[in-house]
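Notes for the one structure printed next.
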Amino acid sequence: MDHSLAEIKKPFAQEWEAYQKTFKTIMSSDIKLVDTVVKYIVRYKGKGLRPLLALMSGKLVGKINENTYIVASILEMLHTATLIHDDVVDEAHIRRGFPSINAVWKNKISVLMGDYLLSKCLIGATKTNKLSIMQILADASKRLSKGELKQIEEARKLKITEKSYFDIISNKTAALIGAAAELGAITTSDNEQDHKNLRMFGENLGIAFQIKDDLLDYYGQKAIIGKPVGKDIKDKKITLPMIHAFKNASDREIRKIKRLIKRGANSKEIKYIIDFVEQNDGIQYANQKKIEYADKARGALESYSMNEAKQAIFQFVDYTVERKQ
């Protein structure tokens, strides 16, 4: 069942408003240039999936408090910082359908802005007075960089195994989504089992989320997802649908596809590559894996009785795997 994000947020309307206030306060600065860039970020910021996940997880196992709002804000800042740095690395000029920070203010300011947000994350984390929160954030940050670096290395070789792919997305995406769910729980519950369950939930959800993202590159619509279909192919990123398609194809076909990718495929060739992936069962296989990980995520919350928060979390899982952008 397709749930809209607005519908999922409804039971958390008050908490969401309180989080946004905290986010704006933590983000504010007395440096005019920083403030201008921050306002731009706030205006065009994404859907807020990670902060929402922290709020829902916190509510599932306890009572939301000021620390939950701080954690939700930190997660959004950390995510934004990595996106800003990603856009510099990828030389991307569009982010979420709008000019990226580096397209508007160039690379130097983008890198410094990303660094500024990271330092704000650290300051925010100290405000919670919980060492465990700082440790989880530090670990998530390390894993994000590790995932990105490994992906760049693999893109150069154009040779990536399924195991390698899952290693990358486990660090690149699941680390932060796992941290979001776990940190939400840490702010409202002292029970370590709650923390473990929510981390397990978030990590599996993160993998399902990234597989869905990679699938959207094959059949999304530019107007909806804010990036052209086939962008990963242009960026020489080989993701799960193609990895699996290669398993079913002849060496000759694989060599041809890799040659096109390496050379920089044009629109017609991208269509040819997408058809190749589809014909070799890549799309179907990735869809199946996405569903498996979404089921694992739900399974991690089996021990909790159904209430408003759990219902919203399950709707969030459905949204993650069924979204169109």
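Just so you know, all these numbers are worked out from the coordinates, no wet-lab data involved. All values reported here derive from a predicted model rather than from experimental measurement. A quick note on method: Cβ atoms are made from the backbone with ideal geometry, for glycine too, and the neighbour counts reach across all protein chains shown.
Worth a mention:
- Exceeding the 26 Å Cα-Cα cut-off - candidates Lys120/Lys296; Lys21/Lys296; Lys130/Lys196; Lys146/Lys212; Lys47/Lys271: Lys120/Lys296; Lys21/Lys296; Lys47/Lys271
- Cα pair distances of region 176-325 binned at 5 Å [whole percent]: 2, 9, 16, 18, 15, 11, 10, 8, 6, 3, 1, 0
- Label-to-label distance, nm, for residues given as Leu33 and Glu253 (7 Å Cα→Cβ offset): 5.3 nm
- Straight Cα distances below 17 angstrom link Lys127 to the aspartates and glutamates Glu66, Glu76, with same-chain residues fewer than 8 positions distant left out.
- Take each peptide in 310-318, 243-251, 71-79, count the other Cβ atoms within 10 Å of every residue, and average; sorted highest first, the result is 71-79, 310-318, 243-251.
- Cβ crowding within 10 Å averaged over residues, with 149-159, 184-194 ranked highest first: 184-194, 149-159
- Distance between the 7 Å Cα→Cβ label points at Thr161 and Arg263: 3.0 nm.
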